[in-house]
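Written below as structure tokens is the structure these notes are about.
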Amino acid sequence: KQEVTQIPAALSVPEGENLVLNCSFTDSAIYNLQWFRQDPGKGLTSLLLIQSSQREQTSGRLNASLDKSSGRSTLYIAASQPGDSATYLCAVKTGANNLFFGTGTRLTVIP
Amino acid sequence: GAVVSQHPSRVICKSGTSVKIECRSLDFQATTMFWYRQFPKQSLMLMATSNEGSKATYEQGVEKDKFLINHASLTLSTLTVTSAHPEDSSFYICSARLRGGVDTQYFGPGTRLTVL
């Protein structure tokens, strides 16, 4: 069964710092990997989706990489801002419907 | 953009009662909707997949008679927790896949259920 782990569970950084969030998964037979943002009391917002054949995706200050063979992905956030404070979830898709989520990293960016 | 709403956002009920949670796709048609559950400090876990006009497919370990899912239209799916118990207290999140879409699921804001 696919297991998705995210490290660290929580992270606090001062505004302006660059940071990296980590995600690892046990079964490399995935269709794609997504990074989501979850704000308290709100739904999940998709940030980046990387297909299994891709190595990375970029959107603004966000860059996500995927190393399928080693079962790892990273989310790089450049020049962090207080508005980036949220819980970040990674999820891997292994079938038509199955999304396996990690437990998330709670990020706090201190002004 | 695609918006999914859930109602209610928060519900507290007594043990033994039933609770209905609605999931609506506001500006698109969703042939497939998904229901997830998230316990504190744990991952979101898929409970069931519902396709409009047909029976839901439940994941292993999820009781279909306890968690009733109805997907009667292309914009509405409901989850009814029957005879709720304190162990059913959780955060329930739905998502909807755009009609004809493959990868993208749009998530609702979630419903916090507390069973006393």
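The values are calculated or read from the model by the stated rules, or taken from the named source; none is laboratory data. On a predicted model such as this, the values are computed, not experimentally measured, just so you know. No Cβ is skipped: glycine too gets one built from the backbone with ideal geometry, and neighbour counts run over all protein chains shown. All accessible areas refer to the heavy atoms of the entire protein, side chains included, with ligands and DNA or RNA removed. Shrake-Rupley method; radii C 1.70, N 1.55, O 1.52, S 1.80 Å.
Values computed for the structure shown
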{"read-out": "Qualifying position, being part of a strand (DSSP E or B), over 27 Å from A:Arg37 (Cα atoms) and within 12 Å of the chain's Cα centre (by Cα), among B:Leu79, B:Leu68, B:Leu46", "value": "B:Leu68"}
{"read-out": "Selection from the stretch A:25-50 of residues that are away from chain B (no Cβ under 11 Å) and open to solvent by 40 Å² or more (accessible area, probe 1.4 Å)", "value": "A:Thr26, A:Asp27, A:Ser28, A:Ala29, A:Leu47"}
{"read-out": "Residue within the stretch B:101-115 that is open to solvent by 70 Å² or more (accessible area, probe 1.4 Å), more than 12 Å from every other protein chain (Cβ to nearest Cβ) and either under 21 Å from B:His7 (Cα atoms) or assigned to a strand (DSSP E or B) (or both) present", "value": "no"}
{"read-out": "Top-ranked residue in the stretch A:1-12 [being open to solvent by 50 Å² or more (accessible area, probe 1.4 Å) and assigned to a strand (DSSP E or B); ranked as farthest from A:Leu99 (Cα to Cα)]", "value": "A:Ser12"}
{"read-out": "Filter result for B:Ser83 (touching a residue at least 24 places away in the same chain (Cβ under 8 Å) and at positive phi)", "value": "yes"}
{"read-out": "A:Thr58 open to solvent by 60 Å² or more (accessible area, probe 1.4 Å), facing chain B (nearest Cβ under 9 Å) and under 26 Å from A:Val13 (Cα atoms)", "value": "no"}
{"read-out": "Filter result (surrounded by 12 or more Cβ atoms within 10 Å (Cβ to Cβ), more than 16 Å from the chain's Cα centre (by Cα) and not in a loop (DSSP other than H, G, I, E, B)) within the stretch A:13-24", "value": "A:Val13"}
{"read-out": "Every residue from the stretch B:49-77 that is touching a Ser or Thr at 6+ places or on another chain (Cβ under 6 Å) and farther than 21 Å from B:Leu116 by Cα", "value": "B:Thr49, B:Ser50, B:Asn51, B:Glu52, B:Ala56, B:Thr57, B:Ile69, B:Asn70, B:His71, B:Thr75, B:Ser77"}
{"read-out": "Scope the stretch B:45-56; condition at pLDDT 90 or above and touching a Lys or Arg at 6+ places or on another chain (Cβ under 9 Å); matching residues", "value": "B:Met45, B:Leu46, B:Met47, B:Ala48, B:Ala56"}
{"read-out": "Filtered residues of the stretch B:1-60 (kept if within 11 Å of chain A (Cβ to nearest Cβ), open to solvent by 40 Å² or more (accessible area, probe 1.4 Å) and closer than 12 Å to B:Leu74 by Cα)", "value": "B:Asn51"}
{"read-out": "Unique residue being in contact with a strand residue (DSSP E or B) (Cβ under 7 Å, 6 or more places away or on another chain) and within 14 Å of chain B (Cβ to nearest Cβ) when the list is A:Val4, A:Val109, A:Val13", "value": "A:Val4"}
{"read-out": "Residue among A:Ser80, A:Ser69 that alone is at pLDDT 95 or above, part of a loop (DSSP other than H, G, I, E, B) and away from chain B (no Cβ under 14 Å)", "value": "A:Ser80"}
{"read-out": "Qualifying residue in the stretch B:78-89 (condition: within 14 Å of chain A (Cβ to nearest Cβ) and touching a Ser or Thr at 6+ places or on another chain (Cβ under 7 Å))", "value": "no"}
